[in-house]
Amino acid sequence: MYQNLSSDEILNKLAQIAADPYERAKEWKMETGSKIIGCYIMHFPEELLHAAGVLPIVLQVKEEPITTGHAYYPSYFCGPTRSIVDQAAKGELDFLDGFVGGDYCIQAVGGAEVVGNLLPKVNNMFFRLPVGNQAWTHGDIVTGLKELKRDIERFAAKEISDEEILNSIRIYNKNRSLIREIYELKSVHPSLLSSSDMLSIIKSSMVIPKEEHNEILETLLPKLQANKDSIKEEGVRVFLSGSFCGAPKNEILELVEQSGAVVVGDDLFHGYRYISDNITEDREPLAAIAAHYIDKNTNVPCPTRCDPKTDWPQYLVDSMRKYKADQLVIVMAQFCEPHMFFYPDIKDAMQEAGIPHLLLEISHELDSIETIKTRLEAFVEMAV
Amino acid sequence: MAVQEAKRANRLKSGKLVNKLVNEYWEDLINAKKTGKKVVYTTGLPIGPFMAAQDMAWIHGEGYGARVAARHEEKEPQTFAENKGFNRELCSYARTQMGCAMFAELGVPDDLNPGPIATEIPAPDAIVTCYPGCSTGPQWDWAIERVFGKKIPWFNVVIPYHMGRNGSTYMKGEEFEENVKYVVRQFEDLIKFLEVVSGKPYNWDKFQELMGVTKKVGQLRMEAMELCKAKPAPASFFDWSIQIAPVNYLTAWPGTIEAMQAVKDEVQERLDNGVSAVPNEKYRIFWEGIMNWNKLGWMADKFASYDATVVAGRYTHMAFWHEPDTIDPEHPLRGIAINHLECQLNLGYPITEERMMTLSKDYSIDGIVFHGARTCRSFSRSHFLLAENLNKKMGIQSTSFEGDMVDDSFYKEELVNTRIEALIESLEAQKSRG
Ligand code: SF4
Ligand code: SF4
């Protein structure tokens with residue numbers, strides 16, 4: 001179906017999916033009669049849900065203003081959690097059969113509590129993912145996975161075999177590998193795709209069946225490769241960091257590029273963070289998934305994981321060097337505590353390494369877009 | 001129209017005994033290094049006895065923040081933290097203690113002139129996190145670990161959220177039992193960690209003795225608070241907030257049994273003599289949210305002036321050794337785990353709502369004040385749901401306002417006045433309708 005389309009046309013299709021993120025899932029539900037589980041953002045074993053024959057989708061922040069949700073969650077909570085509460089309050093999540101919350105951030109815990117209350121008919125599950133990295137952490141994550149597996153099995157009225165989990169792992173690994181290939185291409189030829197294109201790729205991957213997404217990417221990748229030499233490369237090389245749980249707004253990404261920058265890499269959740277590592281396929285599947293949480297956090301550290309063996313600021317310095325980036329732009333969701341706790345360390349590390357950085361604290365309402373534009377332009381100008 | 005006269009809250013007098021113990025504790029802590037004691041930083045619910053058994057000193061992050069604020073010294077550490085890049089939307093306890101810790105580690109910058117308490121925090125020899133119901137707690141401790149150059153050993157006891165899965169309810173069910181076992185196992189590892197830090201085998205006899213004290217103090221406090229189910233109530237939520245130290249960072253400190261016994265005796269005596277916390281109690285209020293330490297006295301008088309007693313609160317009544325009977329001093333780990341797991345912030349929404357309804361019934365609550373502490377999102381996460389559902393299910397009216405624990409820049413006095421007044425008016429209207 002995508003074979004005859006150009007890379008731009010495919011990217012447009014993905015952008016459409018991303019713009020209306022639950023539509024394909026709803027269609028899939030009609031087609032298959034199967035169930036959909038919403039993952040309440042960052043850390044969750046999608047593979048385990050997939051293995052039960054349900055479609056896991058990552059709940060997305062919507063760009064529209066929060067209205068009905070104001071009555072359920074205070075305005076001084078982060079945009080990602082408030083937006084999902086708002087969607088639940090407006091009935092937009094009624095198509096879900098279940099959702100999985102997590103304990104990695106108290107704002108997500110609270111948001112899931114509200115969503116659970118607003119959607120009493122939707123099965124409300126929970127993934128316990130212990131923080132830290134001690135001798136027993138891996139085993140404790142396995143226990144959390146077993147608890148979730150038990151609850152999914154009850155929900156789906158079906159036992160999940162190791163073989164099924166392994167099969168799902170393979171499908172998800174393939175998706176991650178394909179997206180990483182696109183990342184590699186983009187890091188060398190940053191103008192090949194805009195960062196909004198990159199976001200569409202990731203976001204669509206989060207909300208449609210992975211098998212379908214893999215097919216699309218397998219079509220897209222050679223087309224991108226074929227284009228790479230015809231692209232003229234210019235612009236200040238920028239690395240984008242942060243934006244936990246929710247995708248950065250397209251407007252912000254466009255402003256970065258309009259200011260004269262090209263994005264050469266990122267550690268966004270709706271970005272490299274989502275696909276950074278594969279899960280080992282030659283290990284008992286739950287043990288492999290648990291190891292994945294520890295390993296991927298070592299490779300792309302997450303401030304919610306409280307693992308003192310990781311060093312996010314140093315990771316950023318290293319990434320800047322690896323991607324030959326000139327500047328770092330940090331996108332921080334307003335009220336995002338894990339991110340706020342780390343900013344002083346990142347600031348110090350950047351100063352020490354002589355890397356210019358710009359912190360953009362973004363409210364869900366995007367009420368300071370003009371200021372953001374001016375700051376970005378002035379910042380990128382510095383490197384020109 | 002509610003009439004506000006200048007009445008004062010009739011605070012408990014025996015609380016003064018606690019002050020003496022508080023002073024002893026800080027003296028001991030500040031001189032810890034001189035006396036050769038190791039210092040452990042902690043946050044979250046009280047775990048002092050774990051350290052006290054090894055003759056180590058401990059600093060409770062929130063307790064430190066609250067003390068700095070009570071002495072009106074919070075501005076400088078908060079400013080220092082902000083200048084270092086810590087956003088003012090972060091937990092204000094964390095910002096305050098981080099500011100103090102940075103004074104200790106980095107020195108006081110020339111443009112700041114902090115008070116003596118803000119600058120006397122000793123550097124840590126270890127960090128122990130034991131934070132139920134808030135991801136900010138461990139993240140705060142991690143930030144401390146980084147401030148001190150990633151050299152300080154850090155042990156994080158993960159307290160799993162008790163969501164209420166598969167029918168598990170307060171202190172019951174498969175999820176609860178699994179969680180208890182998990183925490184007990186981590187406490188066993190914590191003890192091994194403390195042996196290493198202190199360099200000596202664990203003193204179980206002392207630990208058991210201290211947990212005996214903890215149990216007793218917890219029981220006395222719960223009994224004293226329960227006496228306030230009487231109408232009018234002999235003591236208020238504000239008294240229980242002021243008396244929090246003996247069940248918080250002063251847990252098992254010598255003299256806490258006597259201090260809490262004196263408090264309970266005074267409450268009993270008041271009850272026998274018909275003395276109440278508020279001179280002319282007409283309304284009974286539940287305080288929902290963490291305490292606003294800079295405003296405690298003002299708040300107590302404010303409610304008294306409306307003939308309203310704030311009788312109970314989630315902060316005081318659902319935590320701090322609130323289940324003392326679960327502690328077996330001979331085998332204390334399970335009881336400690338239960339008190340942590342089943343505390344006010346760690347319970348899933350349906351369990352929280354059920355506990356609040358029970359307390360509202362037990363304490364004959366007419367109205368609820370929701371204090372939305374701006375930088376304690378763990379507390380305020382369920383406020384809107386609770387307001388709606390307690391009204392729907394029990395007809396309880398409420399009001400809400402924003403404030404904070406120790407950052408009074410989030411606090412708008414005019415708004416607070418109007419909101420409290422509006423609540424009292426609607427309670428008055430409700431009473432007059434019968
Ligand atoms: S990690 Fe940040 S963005 Fe995500 S839920 Fe927590 S506060 Fe919100
Ligand atoms: S936000 Fe509240 S519960 Fe969390 S660490 Fe701060 S005071 Fe504690």
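The values are calculated or read from the model by the stated rules, or taken from the named source; none is laboratory data. Note that the coordinates shown come from a computational prediction; the quantities given were computed from them, not determined experimentally. Glycine gets a Cβ as well: all are built from the backbone with ideal geometry, and neighbour counts include every protein chain shown. Note: accessible area is taken over every heavy atom of the protein model, side chains too, but ligands, DNA and RNA are not part of it. Shrake-Rupley method; radii C 1.70, N 1.55, O 1.52, S 1.80 Å.
In chain A, the longest principal axis of the Cα atoms and the axis of helix A:210-227 are about 20 degrees apart. Around the amide H of A:Gly102, modelled in the peptide plane, lie the amide H atoms of A:Phe127, all under 5 Å away and 5 or more residues distant in sequence or on another chain.
Bridges between two residues of the protein assembly as shown, per DSSP, are antiparallel at a rate of about 5%.
Distance between the modelled labels on A:Thr280 and B:Lys206, one decimal in nanometres: 4.3 nm (7 Å Cα→Cβ projection).
Among A:Arg176, A:Arg24, A:Arg154, the largest mean-square fluctuation in a Gaussian network model of chain A (Cα springs under 10 Å) belongs to A:Arg154.
Take each residue in A:253-265, count the other chain C-beta atoms within 10 Å of its C-beta, and the mean is 0.
For the pair the range B:7-51 / the range B:90-161, the C-alpha centres are spaced 18 Å from each other. Converting phi to 3J(HN,Hα) with the Karplus coefficients 6.51, -1.76 and 1.60 and the offset θ = phi - 60°, the range A:328-343 yields 10, 10, 9, 9, 10, 5, 4, 6, 7, 5, x, 6, 4, 4, 8, 4 Hz in sequence order, with x at every glycine or proline.
When chain B is described by a simple charge dipole with +1 on each Lys and Arg Cβ and -1 on each Asp and Glu Cβ, the residue from B:Ser241, B:Ala123, B:Ala373 located farthest towards its positive end is B:Ala373. Using Cβ point charges alone (K and R +1, D and E -1), the dipole size of the range B:365-434 about the Cα centre works out to roughly 460 debye. When B:Ser276, B:Ser400 are compared by accessible area at a 1.4 angstrom probe, the order from most to least is B:Ser400, B:Ser276.
Placing unit charges on the Cβ atoms only, positive for Lys and Arg and negative for Asp and Glu, gives the range A:23-158 a dipole magnitude near 280 debye about its Cα centre.
The share of alpha-carbon pairs in the range B:105-217 lying farther apart than 23 Å comes to 51%. Among the listed pairs B:Lys282/B:Lys412; A:Lys203/A:Lys249; B:Lys37/B:Lys200; B:Lys216/B:Lys361; A:Lys35/A:Lys158, those whose Cα-Cα separation exceeds 20 Å are B:Lys282/B:Lys412; B:Lys216/B:Lys361. Looking at chain B, the DSSP beta bridges with both ends there are about 5 percent antiparallel. For the protein assembly as shown, the dipole from Cβ point charges (+1 on Lys and Arg, -1 on Asp and Glu) about the Cα centre works out to 1260 debye, to the nearest 20.
Give the residue from A:Tyr76, A:Ile66, A:Pro45 lying farthest towards the positive end of the charge dipole for the range A:23-158; charges sit on Cβ (+1 for Lys and Arg, -1 for Asp and Glu) and the dipole is referred to the Cα centre. Sorting the options by dipole projection puts first A:Pro45. Of the GluC sites (Glu not before Pro) found in the range A:218-316, those in coil by DSSP whose Cβ has at most 16 other Cβ atoms within 10 Å are A:Glu233, A:Glu234, A:Glu281. Packing order of peptides A:182-194, B:113-125, A:97-109, highest average first: A:97-109, A:182-194, B:113-125 (average count of other Cβ atoms within 10 Å over each peptide's residues). Taking every pair of distinct Cα atoms and averaging 1/r, then inverting, what Kirkwood hydrodynamic radius in Å comes out for the protein assembly as shown? Kirkwood hydrodynamic radius for the protein assembly as shown: 27.9 Å.
Within straight-line reach of B:Lys84, meaning a Cα separation under 15 Å, sit the following aspartates and glutamates at least 8 residues removed in sequence or on another chain: A:Asp345, A:Asp348, A:Glu352, B:Glu76, B:Glu105, B:Asp110, B:Asp111.
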